[in-house]
Amino acid sequence: MTNTLELPQAPFFDTEALRIELTTLFKESDGPEDCRPKVLQRLKALLADAHDGARQRLAATAQGRDCAGALSSFHDELIRLIFDYTAAHVYHPTTSGSRDEKICVAATGGYGRGLLAPYSDIDLLFILPYRQTPWSESVAEYMLYLLWDLGLKVGHATRTVAQCVSLARTDMTIRTSLLDTRFLLGDRDLFDDFETRFRDEVVAGSAREFIAAKMSERESLSLIHI
């Protein structure tokens with residue numbers, strides 16, 4: 001039997017070494033636009049290596065859940081790597097510590113549960129304190145375009161905490177996706193504020209309403225496929 005310790009381990013790359021490598025690429029380039037294709041090429045190789053590592057683990061262990069967890073862990077670190085590169089070299093916060101320049105990135109939906117099948121959608125939520133700023137908009141946009149150019153299927157939303165709560169109270173699909181929200185990076189206090197308000201203002205006391213709505217949705221989908 002194959003010793004799992006000999007298999008590639010998630011996240012399939014040295015996170016700190018890659019941060020140093022991307023910083024070196026940036027320093028050797030003539031600005032963000034000149035560096036971008038080099039970064040993209042390196043990340044594509046990283047993605048191919050991760051998929052290969054996940055395939056090796058699946059072939060050796062026949063554990064689909066293990067593979068899905070490993071791929072989720074890889075994408076967590078990939079997104080953190082891209083954010084750190086973007087914030088450090090492409091778009092610096094305009095005012096250090098400013099309330100306006102805070103952002104949190106979270107995983108939602110199936111990705112929020114920490115399990116990801118190969119080539120599945122990656123659902124991201126960019127959480128803002130109380131309004132979108134040019135900095136937060138630029139960071140989110142740059143990250144998303146890099147992820148799309150890597151060939152990943154990324155679903156996304158950019159909202160304030162108040163918007164998350166308001167939309168979740170009126171839209172059951174949004175509420176469902178936010179039930180599995182998982183912190184990835186950024187301002188932890190901002191995420192904690194979202195979690196507290198979502199639990200207290202949306203989830204509390206709404207179990208029956210939620211179940212009834214999901215059952216109705218299921219029945220509607222069944223009728224469509226008849």
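The values are calculated or read from the model by the stated rules, or taken from the named source; none is laboratory data. Because the structure is predicted, anything quoted here is derived from the model rather than measured. No Cβ is skipped: glycine too gets one built from the backbone with ideal geometry, and neighbour counts run over all protein chains shown. Note: areas computed on protein heavy atoms with side chains; ligands, DNA, RNA excluded. Shrake-Rupley method; radii C 1.70, N 1.55, O 1.52, S 1.80 Å.
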**Study point:** In sequence order, calculated HN-Hα J values of the range 76-86 (Karplus, 6.51, -1.76, 1.60; Hz; x Gly/Pro)
**Key:** 4, 6, 4, 5, 5, 4, 5, 4, 4, 5, 4
Practice item. Run the numbers on the chain and let me know its relative contact order in percent, using alpha-carbon pairs under 8 Å that are six or more apart. Key: 19 percent
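On the accessible surface of the chain, probed at 1.4 Å, how many percent belong to carbon and sulfur atoms?
Numbers: 6230 of 12120 Å².
Using a 1.4 Å probe with all protein chains present, the chain comes out at 51 percent carbon and sulfur.
D for the range 1-73, whole µm²/s, Stokes-Einstein with Kirkwood Rh over alpha-carbon pairs at 25 °C and 0.890 mPa s: what number? Please list the in-between numbers first.
Values: Rh = 13.7 Å.
Rounded, D is 179 µm²/s.
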Point to revise | For the range 33-41, Karplus couplings with θ = phi - 60° (6.51, -1.76, 1.60), whole Hz, Gly/Pro x | key: 5, 5, 7, 3, x, 5, 5, 4, 4
**Study point:** Computed [θ] at 222 nm, helices only, for the chain once each DSSP H run of length n ≥ 4 contributes -39500 (n - 2.57)
**Key:** -19000 deg cm²/dmol
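How long is the gain from His51 to Tyr119 if the chain were fully straight, where each residue apart is worth 0.36 nm and the alpha carbon distance is subtracted? Walk me through the intermediate numbers first.
Values: separation 68, 0.36 × 68 = 24.48 nm, distance 0.95 nm.
Result for the pair: 23.5 nm of gain on full extension.
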Point to revise | Neighbour-limited loop hits for GluC sites (Glu not before Pro), the range 1-89 (at most 16 other Cβ within 10 Å; DSSP other than H, G, I, E, B) | key: Glu28
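For the range 12-120, run through the chymotrypsin sites (Phe, Trp or Tyr not before Pro) and keep only the ones in DSSP coil with at most 16 other Cβ atoms within 10 Å of their Cβ. Let's see the in-between values first.
Working: sites: Phe12, Phe13, Phe26, Phe74, Phe83, Tyr85, Tyr91, Tyr111, Tyr119; in loops: Phe12, Phe13, Tyr91, Tyr119.
Here the sparse-neighbourhood loop sites are Tyr119.
Can you work out the accessible area per residue across the chain, with the rest of the protein chains kept in place, probe 1.4 Å, in square angstrom? Before the final figure, lay out the partial values.
Values: 12120 Å² over 226 residues.
For the chain, the per-residue accessible area is 54 Å².
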Review point. How high is the FRET efficiency between Asp84 and Asp30 when r is their beta carbon distance and R₀ equals 22 Å, given to the nearest 0.05?
Key: 0.55
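To the nearest 0.05, what FRET efficiency results for Ala60 and Lys38 with a Förster distance of 25 Å applied to their C-beta separation?
Working: r = 34 Å, r/R0 = 1.34.
Taking R0 as 25 Å, the efficiency between Ala60 and Lys38 is 0.15.
Loop sites only, by DSSP: take the trypsin sites (Lys or Arg not before Pro) in the chain that have at most 14 other C-beta atoms within 10 Å and name the longest stretch containing none of them. It would help to have the intermediate numbers written out before the result.
On the way: sites that count: Arg131, Lys153.
Looking at the chain, 1-130 is the longest stretch - no exposed trypsin sites (Lys or Arg not before Pro) with at most 14 other Cβ atoms within 10 Å.
Once you have the Kirkwood Rh of the range 117-168 from its Cα pairs, apply Stokes-Einstein at 4 °C and 1.567 mPa s and quote D in µm²/s.
On the way: Rh = 12.0 Å.
Reported coefficient: 108 µm²/s.
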Practice item. With a 1.4 Å probe and every protein chain left in place, tell me how much accessible area His156 has, in Å² to the nearest 10. Key: 90 Å²
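Once you order the gyration tensor axes a ≥ b ≥ c over the Cα atoms, which shape class does the chain get: rounded for a/c under 1.5, otherwise prolate or oblate by comparing a/b with b/c?
On the way: a/c = 2.13, a/b = 1.18, b/c = 1.80.
Verdict is oblate for the chain.
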